[in-house]
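Below is one structure, written out as structure tokens; the observations come after it.
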Amino acid sequence: MNGDEVEVAIVEQRGRAPRAVVRAVLARAVTTFLGRFSPAGPLGAVVPLDARIGHDFFVVP
């Protein structure tokens with residue numbers, strides 16, 4: 001998430017620009033957040049109230 005400290009590896013592929021791959025999360029900037037729970041079949045989705053968190057989280061209710 002935004003502000004996390006991560007370890008990355010640079011991956012180079014022939015004919016493509018180098019890209020970074022996250023190898024490990026070293027420190028979390030955010031450890032809790034508020035969201036709205038929505039049932040989603042056998043799972044549930046938590047939709048964050050903070051728009052800066054750009055994705056939903058699927059959970060087992």
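Rule-based calculations on the coordinates, nothing more; no lab input. Nothing here was measured: the structure is a model prediction, and the numbers come from that model. Because the Cβ atoms are built from the backbone with ideal geometry, glycine has one as well, and the counts that use them run over all protein chains shown.
Phi-derived couplings, Karplus 6.51 cos²θ - 1.76 cosθ + 1.60 at θ = phi - 60°, listed residue by residue for segment 39-51: x, 9, x, x, 10, x, 10, 9, 9, x, 6, 7, 5 Hz, with x used for Gly and Pro.
Report, in debye and to the nearest 20, how large the dipole of the chain comes out about its Cα centre when Lys and Arg carry +1 and Asp and Glu carry -1 on their Cβ. Spell out each step's value before the answer.
On the way: 7 positive and 6 negative charges, 42 e Å.
Around 200 debye, computed over the chain.
Amide H contacts of residue 35: 49, each under 5 Å away and 5 or more positions distant or on a separate chain (H built 1.01 Å from N in the peptide plane; Pro and chain starts excluded).
Write down the Å³ per residue value for the convex hull defined by the alpha carbon atoms of segment 14-61. Before the final figure, lay out the partial values.
Details: hull volume 8.0 nm³, N = 48.
Measuring per residue, one finds 167 Å³ for the Cα hull of segment 14-61.
What list do you get for 11, 30, 46 if you sort them by fewest beta carbons within 10 Å? Before the final figure, lay out each step's value.
On the way: 11 10, 30 13, 46 17.
In increasing order of surrounding Cβ atoms, one gets 11, 30, 46.
How far, in nm, would the chain grow between residue 8 and residue 21 when pulled straight, counting 0.36 nm per residue and subtracting the alpha carbon separation? Don't skip to the end; give the middle numbers.
Details: separation 13, 0.36 × 13 = 4.68 nm, distance 0.54 nm.
The span from residue 8 to residue 21 would gain 4.1 nm if fully extended.
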